[in-house]
Structures are given as C-alpha cells and as structure tokens.
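Attaching a single structure in structure tokens format; questions to follow.
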Amino acid sequence: MKKPLVSLQMWTLRDVVEQDFRHAVTEVAAMGYHGVELAGYGNLDAQAASEALQDAGLRVSGMHVSVDRLKGALDEVVQEAALFEAKDIICPWMAPEAVATRAQCEALGEEFNEIGAALRVHGLRFSYHNHGHEIATVDGRTAFEWVLDAAEPRNLSAEVDVYWVQHAGLRPQDLLHRLGSRVPLIHLKDGRKGVGQCEIGLGAVNFDAIFSAVEQIGAVEWYVAEQEEYEVSSLKSARLCIDQLRLWGRA
C-alpha cells in the first residue's frame, strides 16, 4: 500500500485564512504538510488562492463544498476543482434533521448519487463527511451507512472523521473495516472523553488501531488533520498535530 499523504483542513486556520490566506498556506507548507483541504479561500478569490498554493508548493487533497453549492452551482465547483487540480469534492455537513430516519438517509443517498455521477463525468470523486449525528443508530445501523448504501460506490465515497465516530460511541476502526475501500480520505482529530477536542495524540482516540485498519484496507490516500477547538493558537495547534504524526512516522 502506498503511504497516505497528510494535509490540513484549512478550517483549522480559519482565523488566519480570513485575514491572509497566502500567509496561512505558507505556514502550512513550512510545517511539513503535503497539502490542504479547502473550506473557502478567506480574503482571496479562487484564482488568487490557487496561485498562493502553487507558490507554497502545496497540493489540494480535497474541497469541502456546501450542499447548496453542489445543488445550485455545480458547474462552478467543477471549474474551481480544475483550477486547484483537485479530484475530491466533499460535502462537509448535513443537519441532524436531514438524516433522522432511514427514509431521509436513503433519499439523501440517492440525491448524492446523482451529484456524484455528475462530478464523475469530470473525473472528480464525491465524498460525504460525517459528524456525530450521522453515527447515530437508525433502524439498526448508522445513518451514515444508510446514506452511503443508497448510492453507488463509484458515485459516493466516505470521508470518515475518526473523532466524531468515537464521540458518538463507536470504534473508528470498526467503521473503517465495514466501509472498506469506500474511504479514500480520513479526518484525523482527537479528544478527551467528556472534555472536547485536543491535538492529535493527546486524547482518547486509538490511532494505532486506526492506522492498522487503514493499512489492512489499503484505500486511504490522504490523512487530513483538523482542529475545530484549541487552547493554543490555531497555527500552533496545526503544528502540534503534524509534529505528532511525524513522530509516529505518518508524515
């Protein structure tokens, strides 16, 4: 298996990105990340953001795109993906009330199947990113799995967020084994039980088991570090995460 590359979800640096996208990606490159996962372009437009990333020598591991844009501006999304030379488009969020029943999950999966098929025509891969509510049990299985199974694997993959899986009460490695080759992207995030998120390696997530599952499955192309909460600066938090992954031989 080819070793997954490591990127940073730029939502981690949202305070920096809002003020100076170019400075943010320069810092990310200096930390040693191979790429970034985009969630908007802060103070730049897409063209200028693309140039900043090229200057920093960073690849785009994927683009988080809202479901509204996926439904209403898909051609624009495709054009931006070409600009960034990105192949992965990810829906980062659906509200809990959108996946509360099996029927809702299956209807969403069918809708995602159509979006994924349209993106695939342009050589793009479409994934759905989970939070905790998609890991809730609905009719005997997770909402996330109902959504995925309502779509063709070639049209819908999974970006598994290991912190949110564990936060919801499941072992991330078990879900990874169930989903298998449908997981090209993994969000690496950690947290302490009952406290909240923390930098990778400082919490309760069993990364050894996760890395073992990834190696057995052999489909993951990118590890994506992300911090939504931090007690230090966002830049220091991002650096602590890549430093830990480097110590583990994962970056």
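The values are calculated or read from the model by the stated rules, or taken from the named source; none is laboratory data. Note that the structure is predicted; figures quoted are calculated from it, not measured. FYI the Cβ positions are ideal-geometry reconstructions off the backbone, even for glycines, and counts take in every protein chain you see.
Conditions (1) touching a residue at least 40 places away in the same chain (Cβ under 8 Å); (2) touching an Asp or Glu at 6+ places or on another chain (Cβ under 8 Å); (3) surrounded by fewer than 16 Cβ atoms within 10 Å (Cβ to Cβ), marked per residue:
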position: Ser127; (1), (2), (3): yes, yes, no
position: Asn130; (1), (2), (3): no, yes, no
position: Glu134; (1), (2), (3): yes, no, no
position: Arg141; (1), (2), (3): no, no, yes
position: Ala151; (1), (2), (3): yes, yes, no
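Let's see how each residue does on (1) of a type in the set (Gly, Ala, Ser); (2) assigned to a helix (DSSP H, G or I):
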{"site": "Gln104", "(1), (2)": "no, yes"}
{"site": "Asn113", "(1), (2)": "no, yes"}
{"site": "Ala117", "(1), (2)": "yes, yes"}
{"site": "Ser127", "(1), (2)": "yes, no"}
{"site": "Glu145", "(1), (2)": "no, yes"}
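Report yes if some residue within the stretch 172-185 is at positive phi, in a helix (DSSP H, G or I) and modelled with pLDDT of 95 or more; otherwise report no.
The answer is yes, given that some residue of the stretch 172-185 is at positive phi, in a helix (DSSP H, G or I) and modelled with pLDDT of 95 or more.
Kindly list the number of the only condition in (1) in contact (Cβ under 8 Å) with a residue 12 or more places away in the chain; (2) farther than 13 Å from Ser157 by Cα that fails for Asp88.
(2)
Sticking with this structure for a sec: Checking Asp68 against (1) within 30 Å of Thr137 (Cα to Cα); (2) surrounded by 15 or more Cβ atoms within 10 Å (Cβ to Cβ), which single condition isn't satisfied?
The single condition Asp68 does not satisfy is (2).
Restricting the search to the stretch 84-100, which residues are under 13 Å from Leu124 (Cα atoms) and exposed (fewer than 14 other Cβ atoms within 10 Å of the Cβ)?
Within the stretch 84-100, Glu85 is the sole residue that qualifies.
Between residues in the stretch 196-225 that are part of a helix (DSSP H, G or I) and residues that are at pLDDT below 95, which pairs lie under 8 Å by C-beta distance while being six or more apart or on different chains?
From residues that are part of a helix (DSSP H, G or I), the pairs are Glu215/Met1.
Do you know which of the residues in the stretch 153-167 that are assigned to a strand (DSSP E or B) and not charged (D, E, K, R) is surrounded by the most Cβ atoms within 10 Å (Cβ to Cβ)?
Val160
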